[in-house]
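What follows is a short report on a single structure.
Taken together, the values in this text are just the output of simple stated rules run on the coordinates, not laboratory data. Being a predicted model, the structure only gives us computed values, none of them experimental. Here the Cβ positions follow ideal geometry from the backbone for every residue, glycine too, while neighbour counts run over all protein chains shown.
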Amino acid sequence: MKKLYKSTSDKLALGVIGGLSAALNIPSGPMRFVFFILTVSKPEATILCYLAIAFILPSEEEVHFND
């Protein structure tokens, strides 16, 4: 199973969507579109979850350094 991390190469804001799409092996474009739709429909919950995940997840360098 792939490790979940914040991407440093495929990021627009904090790298959460890029890291999630890498872990799930899907393109980041559709993931960003789903995140946009969720943000429009439930902005407070989506942004709060995004920030919590960004705070919890390690960065890509930390994951690869520990391997």
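Screening LYS3 on (1) touching a helix residue (DSSP H, G or I) at 6+ places or on another chain (Cβ under 8 Å); (2) not in a loop (DSSP other than H, G, I, E, B) shows it passes everything except condition (2).
Scanning segment 39-57 for residues that are in a loop (DSSP other than H, G, I, E, B) and free of Cβ contacts under 8 Å to residues at least 24 places away in the same chain turns up at least one hit.
On the given criteria, is LEU51 surrounded by 15 or more Cβ atoms within 10 Å (Cβ to Cβ), on the phi < 0 side of the Ramachandran plot and not acidic (Asp, Glu)? Spelling it out, it is not the case that LEU51 is surrounded by 15 or more Cβ atoms within 10 Å (Cβ to Cβ), on the phi < 0 side of the Ramachandran plot and not acidic (Asp, Glu).
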